[in-house]
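Peer 1: Sending over a structure as C-alpha cells; questions will come in a sec.
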Amino acid sequence: MQIQILKSKIHRVKVTQAELHYVGSITIDEDLIDAANMIENEKVQIVNINNGERFETYIIKGERGTGTICLNGPAARKVQVGDMVIIISYASMDFEEAKKFKPTVVFPDANNRLI
C-alpha cells in the first residue's frame, strides 16, 4: 500500500512578489529550495495563512540569497505581497517505509532567509 506523507515544508515565508502575467508557478529562493529538500518543477501545495487559500503549483528556482517568494500566473490572485504562506510537498511511499520517514522542515526568518 502506498500513502501520501509530508516530504518537505517551508514554514511561514513572506510573499515578496505576485506576477499575474506569467505562465504560472511559484518562484522560490534557491537557498530555501535546497534547505527544504525540494527541486525545481516539484509539485507543491501553498497554504496562505492570511486568507486561508490552499492551492497547488510547481517550483521554479529564484535567485539564491534573495528571499524571493513569488506567486506567478493565476496563483497571484490568491495572495497579496506580504502574506505569510506555507509551502508543502508530499511523497508517495510504502506504508512501512513511511513510518520511519522524517520530513524536512525549514523555518526561515522574517526576511525569508535561513536561520
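Taken together, the values in this text are just the output of simple stated rules run on the coordinates, not laboratory data. These numbers were taken from a predicted model, which means no experiment stands behind them. Please note: Cβ atoms are built from the backbone with ideal geometry, for glycine as well, and neighbour counts cover all protein chains shown.
Peer 1: What's the number of the condition ALA76 fails, among (1) closer than 15 Å to ALA18 by Cα; (2) loosely packed, with under 12 Cβ neighbours inside 10 Å?
Peer 2: Unmet condition: (2).
Peer 1: Name the residue, out of GLU40, GLU53, GLU96, GLU63, that is surrounded by 14 or more Cβ atoms within 10 Å (Cβ to Cβ) and among the acidic types (Asp, Glu).
Peer 2: The unique qualifying residue is GLU53.
Peer 1: Check ILE39, ILE3 and return the single one that is in a loop (DSSP other than H, G, I, E, B), under 18 Å from PHE101 (Cβ atoms), out of contact with any Ser or Thr (no Cβ under 6 Å at 6 or more places or on another chain) and of a type outside the set (Gly, Ala, Ser).
Peer 2: Values: ILE3 fails: in a loop (DSSP other than H, G, I, E, B).
Checking each option against the conditions leaves just ILE39.
Peer 1: Oh, and also: Being in contact (Cβ under 8 Å) with a residue 40 or more places away in the chain, in a helix (DSSP H, G or I) and under 12 Å from the mean Cα position of the chain (by Cα), is that true of even one residue in the range 26-33? Reasoning before the result, please.
Peer 2: Residues of the range 26-33 that are in contact (Cβ under 8 Å) with a residue 40 or more places away in the chain, as a first pass: 26-29, 31-32.
Cutting the leftovers down to in a helix (DSSP H, G or I) gives us 31-32.
Checking which are under 12 Å from the mean Cα position of the chain (by Cα) leaves us with 32.
Yes, that holds for at least one residue.
The rows are residues; the columns are (1) part of a strand (DSSP E or B); (2) small (Gly, Ala, Ser); (3) in contact with a helix residue (DSSP H, G or I) (Cβ under 6 Å, 6 or more places away or on another chain).
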{"residue": "TYR58", "(1), (2), (3)": "yes, no, no"}
{"residue": "GLN80", "(1), (2), (3)": "no, no, no"}
{"residue": "ILE88", "(1), (2), (3)": "yes, no, no"}
{"residue": "SER92", "(1), (2), (3)": "yes, yes, no"}
{"residue": "ASN111", "(1), (2), (3)": "no, no, no"}
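Peer 1: In addition: Hey, can you tell me all the residues within the range 45-67 that are more than 16 Å from VAL23 (Cβ to Cβ) and under 11 Å from the mean Cα position of the chain (by Cα)?
Peer 2: Correct list: GLN45, ILE46, VAL47, ASN48.
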